[in-house]
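What follows is one structure encoded as structure tokens, with my remarks underneath.
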Amino acid sequence: QVQLVESGGGLVQPGGSLRLSCVGSRNIFSIDIMGWYRQAPGKQRELVATLTSDYTTRYADSVKGRFTISRDNVKNTLYLQMNSLKPEDTAVYFCNAKMGVGMYWGQGTQVTVSS
């Protein structure tokens, strides 16, 4: 098992940047897949980006070229660097870890993009 705690959300103007962090309660270097998902009001949760244990990345088309997923195994932390933010990026962002048949979620952090 792993507990995940996100931080770094907030209010930012269109075109701005934020970096989200997700700290794991255990070593994350061996976790099969870690990722970020988001859920906007009235919408289903959707994939934003994933990062496998061999550093393969995957991004939603809507964030390609703007968002970057990375991790620091020493700090047991997953990051999401978000640049050129748009109002449609407004959502609660969730950290996710898949380990074998288990799937674990953080509590989420709110990102609001508005002028």
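The values are calculated or read from the model by the stated rules, or taken from the named source; none is laboratory data. Just so we're clear, the structure is a prediction, and the values are computed from it rather than from any experiment. Note that we place each Cβ from the backbone using ideal geometry, even for glycine, and neighbour counts take in every protein chain shown. Surface accessibility is based on the protein's heavy atoms, side chains included, excluding ligands, DNA and RNA. Shrake-Rupley method; radii C 1.70, N 1.55, O 1.52, S 1.80 Å.
Please enumerate, by chain and number, the lysines with C-alpha under 21 Å from the C-alpha of K75, excluding those fewer than 8 residues away in the same chain. In chain and number order, the partners are K98.
Straight-line reach from K64: which aspartates and glutamates have a Cα under 15 Å away, not including same-chain ones fewer than 8 places off? Counting by Cα, and skipping residues close in sequence, K64 has these aspartates and glutamates nearby: E46, E88, D89. All other residues whose Cβ lies under 15 angstrom from that of D54 are scored, Lys and Arg at +1 and Asp and Glu at -1, for a net of +2.
Which of the three applies to the range 25-67, rounded, prolate or oblate, going by the alpha-carbon gyration tensor with a ≥ b ≥ c and a/c under 1.5 meaning rounded? Oblate. In this simple spin-label model, placing a label point 7 Å from the Cα along the Cα-to-Cβ direction at both Y55 and K86 gives a separation of 3.0 nm.
Per-residue counts of other Cβ atoms within 10 Å, averaged by peptide: what ranking do you get for 25-35, 74-84, 88-98, highest first?
88-98, 74-84, 25-35
For the range 66-74, putting each phi into the Karplus relation 6.51 cos²θ - 1.76 cosθ + 1.60 with θ = phi - 60° gives couplings of 10, 10, 9, 9, 7, 8, 10, 5, 5 Hz, in residue order, rounded to whole numbers and with x for Gly and Pro. Solvent-accessible surface of the chain, taken per residue with a 1.4 Å probe and all protein chains present: 53 Å².
Given the chain, report the % of alpha carbon pairs whose separation exceeds 20 Å. When every Cα pair of the chain is considered, 34 percent fall beyond 20 Å. Here the range 1-76 exposes an accessible surface that is 48 percent carbon and sulfur, computed with a 1.4 Å probe and the other protein chains kept in place. The antiparallel fraction among DSSP beta bridges confined to the chain stands at about 95%.
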